[in-house]
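K.L.:
Input: one structure, supplied below.
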C-alpha cells in the first residue's frame, strides 16, 4: 500500500517527509568523502553529522512513530451555549490502518478512555487505500466510548484513490468502510450533521466530506452539511483537510470551531520548522481568525511510518464560555 501511495500521489511535503533524512545522510557521506582529502577535523565533523542523520532516521522510523502525546487545548467562545461550558472533545485523526502498530493503537485507545470525554471525533484517513486494512484494528477502535459517542468524517485516503481498483470497486469499498464504522456505533458524517442536546440548548457537530486541493478529493458541500442549521447555532465542523478552512468554511458558513488533520504536522519538525510549512498555512496546532478557530492535529499515524519532532497525538479540547 505504501508503494501505491508513493506512485500515485506524491507531493512536495510527502517527498520531504520520506526522503529528507536519507538524502541528508547521503549528502553528509559525500562530505565525509571530500574531507578524506583534507584535514582530519573536517573528516571527524562529517562522520559525526552522518551518524546524527542516521540516528535521526532510525529514531523517527522505529521510536518516534510509536510515541504518544496528549495535548490539552482550552478554547473560549462568546456564543457557546452555557450548558456546554466545560464540554470535552477528544480529537484523533489519521489512523492509517495498515501502517499503525496495533499495540500503539491500543495504548491510544486506553489513553482516550481514561480521559472520559463527552465526545470523540475522528477527522479522517482511517485507512491507507482499502477497507480490509481496518479489519485487524476493529476490536481496539470499537472500545472507543464517550458520553455522546463517536463522530467521524472521511479523509483523502479513505476514498480508495490510492488503490488500483476501478470506480465501481472504489465505491463498493467506500461503502464497506462506512459499514465498518457504523458497526462500531460511530456516526459517520458525509456532508451532514448531528445535534447534541443539553436540556433546551444544542451543539451542532457537522462533518464535511474531504475538501482538498489539487488531486485530493474536493467533495465538501457546505449547504448540505449545514442544512437547517441556524446562525444562532454553535457549530463544530469536522473537515479532514485544513486548507478548506480558508477556502470554504470561513467564507461560506459561520462554524465557530473547525477540527482537521491530514498534515501529520509534516512528520518532521526540527528547531520549530516543518516541511509542512512549504504547503500549508495551518498544519499543526490552534489557529484563530477573529473569533473563529481551527485546530489541526498531527494525528496518530501516516502512510509512511516516520516521525521526528512531530509526535503522534491525542487532542483534548475543552470548550469554555467566554
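K.L.:
Could you list all residues from the range 203-215 that are in contact with a helix residue (DSSP H, G or I) (Cβ under 9 Å, 6 or more places away or on another chain) and either within 15 Å of residue 118 (Cβ to Cβ) or surrounded by fewer than 20 Cβ atoms within 10 Å (Cβ to Cβ) (or both)?
P.N.:
203, 213, 215
K.L.:
Of all the strands (runs of 3 or more DSSP E) wholly in the range 256-322, which have at least 2 residues that are surrounded by fewer than 21 Cβ atoms within 10 Å (Cβ to Cβ), without any contact (Cβ under 8 Å) to a residue 24 or more places away in the chain and under 14 Å from the mean Cα position of the chain (by Cα)?
P.N.:
Ranges flagged: none.
Laboratory data are not the source of any read-out in this text; all were calculated from the coordinates shown. Keep in mind that this is a model prediction, so the values were computed, not measured. Virtual Cβ from ideal backbone geometry, glycine too; neighbours counted across all protein chains shown.
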